[in-house]
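Enquirer: Submitted below is the structure of interest, expressed as structure tokens.
The values are calculated or read from the model by the stated rules, or taken from the named source; none is laboratory data. Keep in mind that this is a model prediction, so the values were computed, not measured. Here the Cβ positions follow ideal geometry from the backbone for every residue, glycine too, while neighbour counts run over all protein chains shown.
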Amino acid sequence: MLLHTDITPGRTATVDNRSCLFFSGFSYLGLHQQPAFKNAFIEGIQRYGTLFPSSRAGNVRLPLFEEVEHALCTHLDQQAAVVLSSGYMAAQAAIHYAATRGQLCYAPGAHPALWLGTPQLPAGNRAQWEQDTVARVNSQPDHHYVIVTDALNPITGEVYAFDWLRLLQRKVLVLIDDSHGIGILGPRGQGSIHFLPGTEQVRYLITASLAKAYSVEGGVVAGHAADIAALKKNGFFTGSTPMMPAGAHAWLQSADLVRQQRMLLQQNVAYFLHLAANSTIHNPHALPVFILPQPAEKQPLLNYLAERDVIISSFPYPFPHSQPVNRAIISALHTQQDILTLYQFLKEYGY
């Protein structure tokens, strides 16, 4: 079922002239609908215009980009960072650089943004891949490897464990896409770096979209200063249009608002977890993503809820011919009444 709207959704979406509760998409912190954030964006447009009309490698520089990079590397507890026009562009810049540092070892189900060409992703479960990767790296002392993985899976709601990296006996670069973690995970919203093990053998390169939590069209790569300096010589950086300056400005001006929205999001997730405690609704790691299994004998949940003016995320994954994955996405914009309404309909449906 395809639904069309002429207005960007927030806690609601207008579909066929009906106002529906919206539990889909991302923008987990709901910044795109906050008046203070929009005002900061407008202020950024008035100051910087709608784009910076030059390459970051050009002879005229905008210090704003270095300012947001410094703020992001501090936020992510890394030595340095670079921003690009999108999360996909950031991931592609990172993987092209990483491929020059060693042989790529992809995790099962690695996000397509991390793909270099069309890699053969390993089949089987992640635990077996972790064991195989440790054995592979440790058995080849003269070989260089790069481990490529996501920090979490927003389709299944799983946050991956990385303690197994402590077993590595050779130096390894680990490239992690944390697009659905930054702004959400960690005590300060610093993302997956909060729970990644610190070990002498592992050097991290973190890439992420700034859209998922922060409502800014842009992407970041953060890591060791030498890696970021080398990445800034990459054609993805030197040959691409920079991120929109107004977005960088708005993010820099919104630290207090971000903290406030994170608190609201955590409260909303905790409330839905409380409601769904004795149901078949799946949420193993308290992410704002609630998995809703589709019983074969029932009408599609997407249609059932749409008839009741509630929209959830439901689309085939990972391939167009795959079965749809039903998810309810909670954001900081939702009220407790919104969440209670969703839960009551899910309970009536049979969860």
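Enquirer: Return the only residue of Ala81, Ala13, Ala90 being aliphatic (A, V, I, L, M), in contact with an Asp or Glu (Cβ under 8 Å, 6 or more places away or on another chain) and either under 30 Å from Ala123 (Cα atoms) or not in a helix (DSSP H, G or I) (or both).
Expert: After applying the criteria, what remains is Ala81.
Enquirer: Also, I was wondering about something else. Suppose the filter is in the same structural domain as Phe23 (by TED's automatic domain parsing) and either part of a helix (DSSP H, G or I) or within 17 Å of the chain's Cα centre (by Cα) (or both); does Ala270 pass it?
Expert: Yes: the conditions hold for Ala270.
Enquirer: Scan segment 40-53 for residues that are in contact (Cβ under 8 Å) with a residue 60 or more places away in the chain and more than 22 Å from Asp256 (Cα to Cα) and jot them down.
Expert: Tyr48, Gly49, Thr50, Leu51, Phe52 - these are the residues of segment 40-53 that are in contact (Cβ under 8 Å) with a residue 60 or more places away in the chain and more than 22 Å from Asp256 (Cα to Cα).
Enquirer: Scanning segment 59-101 for residues that are out of contact with any helix residue (DSSP H, G or I) (no Cβ under 9 Å at 6 or more places or on another chain) and charged (D, E, K, R), which turns out surrounded by the fewest Cβ atoms within 10 Å (Cβ to Cβ)?
Expert: Only one residue fits best here, namely Arg61.
Enquirer: Identify, please: which residue in segment 110-125 is crowded, with 16+ Cβ neighbours inside 10 Å and out of contact with any strand residue (DSSP E or B) (no Cβ under 6 Å at 6 or more places or on another chain) and is, among those, nearest to Asp177 (Cα to Cα)?
Expert: Ala113
Enquirer: Pick out the one residue from Ala248, Ala211, Ala222, Ala230 that is buried (at least 24 other Cβ atoms within 10 Å of the Cβ), under 23 Å from Trp115 (Cβ atoms) and modelled with pLDDT of 95 or more.
Expert: Every option except Ala222 fails the conditions.
Enquirer: Touching a strand residue (DSSP E or B) at 6+ places or on another chain (Cβ under 8 Å), assigned to a loop (DSSP other than H, G, I, E, B) and touching a residue at least 40 places away in the same chain (Cβ under 8 Å) - does that describe any residue in segment 249-264?
Expert: no
Enquirer: Let me ask another. When only residues in segment 273-318 that are part of a strand (DSSP E or B) and of a type in the set (Ser, Thr, Tyr) count, which is nearest to the chain's Cα centre (by Cα)?
Expert: Ser313
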